[in-house]
Amino acid sequence: MAPHNPLEKVRRLACEEEGCQLFTPVLDELRRRDLDSDDLFAIIQTELGEAHFTKSEQTRKHHPTTVSDYYSIWVDDCSDWMFLKLLVATASDGTEFLVVTSFKKDIDR
Amino acid sequence: MTLEPCQACEEISVSERVEPFVVERSGKKVTFEDRRMVCAACGNVSYSGSQLSQHELAHAAAVRELEGLLSAEELCAIRLKYKLRQTDMELILSTGPKTWTRWERGKVPQSKVADRFIRALASDPYLARRQMLAAGIKNPEAEEVFAQIERDDRRRAHATLREKLSHRPDVDRDGIAALAADVAFDAVHRAEPEAAAA
């Protein structure tokens, strides 16, 4: 099964900070691991693949218009399997942007 | 004000806010103005576009200020003073790949231990050269910088000794040796503050 949000689009959005949004816990986790948002975007652009995809689910709390993709990926800089949850949303002006809602140690691995 | 949909709760309640953000270390605090997206319905906070870098840079700068660490610009200046590459610094400091790059990018502060060692490297070019060689780094540009520093120090020691001898035309061999030792000792101990100021 392929991710709901095509990886090609996700990688393209991750190339530009302007096309991205991160939830606070994602930034907190990056900081705990001495990483920054550029590192996360680089992981998405160059390392994330369909092999890391685990499932797609309608975004929690009933949001009707977006579907979140779940990934589990080994990140050298973290020395851990990391859980990554993302979606592509549309702003009120019609532009699409990447939202990373979760990035944390994958405790199921 | 345009409200955006919240990706956490689906309400059309997200707007940009500028609010104080407090960073605390060892009982001391630094506050900066933080631009972020806040959902009025569920309180979810996120950072979009340029807010991301602004937040990360301001946070790291606050940590550096609280812990008395070198700034990202100072790290860059120290490295360039010796014409070392970012990868060279990572080898010298035995850090992981891209670590120095992150520190120079400014969004991640270096540790206190690393900061102390970097300051030592900055103030002592001979320590920096020894560490470069010990790490097996081949960097002809840096080697030339270190060689020039050594040539300058030798010239300075030579000139100082000549100047001292000129005031004592009748000095014997033991006297010359004593003067040479004084000059050499001074040169070694003067190198630290001068290198730090460079």
Checklist outcome for this item: Note: chain B at 20 °C, 1.002 mPa s; Kirkwood Rh on alpha carbon pairs; Stokes-Einstein D in µm²/s works out to 103 µm²/s
Checklist entry - Could you give the longest part of chain A that holds none of the GluC sites (Glu not before Pro) found in DSSP loops with at most 12 neighbouring Cβ atoms within 10 Å? => result A:48-109
Checklist outcome for this item: In chain A, lysine pairs 8 or more places apart or on different chains with C-alpha atoms under 22 Å apart total 9
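Please compute, over every Cα-Cα pair in the stretch B:1-109, the percentage with a separation greater than 16 angstrom. Each step should come with its number before you reach the end.
On the way: 3930 of 5886 pairs.
Tail fraction, whole percent: 67.
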Checklist outcome for this item: When A and B pair up, the total accessible heavy-atom area removed from solvent (1.4 Å probe), in Å² to nearest 100, is 2400 Å²
Next on the checklist: Rg over Rh of the stretch B:101-198, using C-alpha atoms and the Kirkwood radius, what does it come to?
Outcome noted: 1.14
Checklist outcome for this item: With +1 on the Cβ of every Lys and Arg and -1 on the Cβ of every Asp and Glu, the dipole magnitude of the protein assembly as shown about its Cα centre, in debye rounded to the nearest 20, is 680 debye
Checklist outcome for this item: Projected area averaged over all directions for the convex hull of the alpha carbon atoms of the protein assembly as shown, nm², comes out at 21.8 nm²
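Evaluate peptide B:44-56: per residue, the Cβ atoms of other protein chains within 10 Å of its Cβ; return the mean as an integer.
The mean count of partner-chain Cβ atoms within 10 Å per residue comes to 6.
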Item to check | Accessible surface of the stretch A:1-47 [probe 1.4 Å, protein heavy atoms]: carbon and sulfur percent | outcome: 48 percent
Checklist outcome for this item: Taking the chain alone as reference and the full protein assembly as comparison, with a 1.4 Å probe on protein heavy atoms only, the residues of the stretch B:7-24 that lose at least 50 Å² of accessible area are B:Q7, B:E10
Checklist entry - In Å and whole numbers, how far do the C-alpha atoms of the stretch A:40-109 stretch along each principal axis, longest first? => result 39, 23, 18
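Just how many % of Cα pairs in the stretch B:4-67 lie over 19 Å apart, if you round to the nearest whole percent?
When all Cα pairs of the stretch B:4-67 are counted, 39 percent exceed 19 Å.
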Checklist entry - Tell me, how many Å apart are the Cα centres for the stretch B:65-100 and for the stretch B:147-167? => result 32 Å
Item to check | Stokes-Einstein translational diffusion, the stretch B:72-134 - Kirkwood Rh over all Cα pairs, 0.692 mPa s, 37 °C, in µm²/s | outcome: 285 µm²/s
Checklist entry - Which of the cysteines in the protein assembly as shown are isolated, no other cysteine C-beta under 4.7 Å? => result A:C15, A:C20, A:C78, B:C76
Checklist entry - With the solvent-accessible surface defined on protein heavy atoms using a 1.4 Å probe, which residues belonging to the stretch A:62-109 display a reduction of at least 30 Å² in accessible area in the multichain context relative to the isolated chain? => result A:H63, A:D77, A:S92
Checklist entry - Taking only pairs that are 8 or more places apart or on different chains, how many Lys pairs in chain B have Cα atoms under 26 angstrom apart? => result 15
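Taking the solvent-accessible surface of protein heavy atoms with a 1.4 Å probe, what is the per residue accessible area of the protein assembly as shown in Å²?
That works out to 53 Å² for each residue.
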Checklist entry - Looking at B:M89, B:G106, B:A134, which one has the Cα that reaches farthest to the positive end of the dipole of the stretch B:64-190 (charges on Cβ: Lys, Arg +1; Asp, Glu -1)? => result B:G106
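The values are calculated or read from the model by the stated rules, or taken from the named source; none is laboratory data. What you see is a predicted model, and the numbers here were worked out from it, not measured in a lab. FYI the Cβ positions are ideal-geometry reconstructions off the backbone, even for glycines, and counts take in every protein chain you see. The protein model used for the area step is the full one, side chains on, heavy atoms only, and it has no ligands, DNA or RNA in it. Shrake-Rupley method; radii C 1.70, N 1.55, O 1.52, S 1.80 Å.
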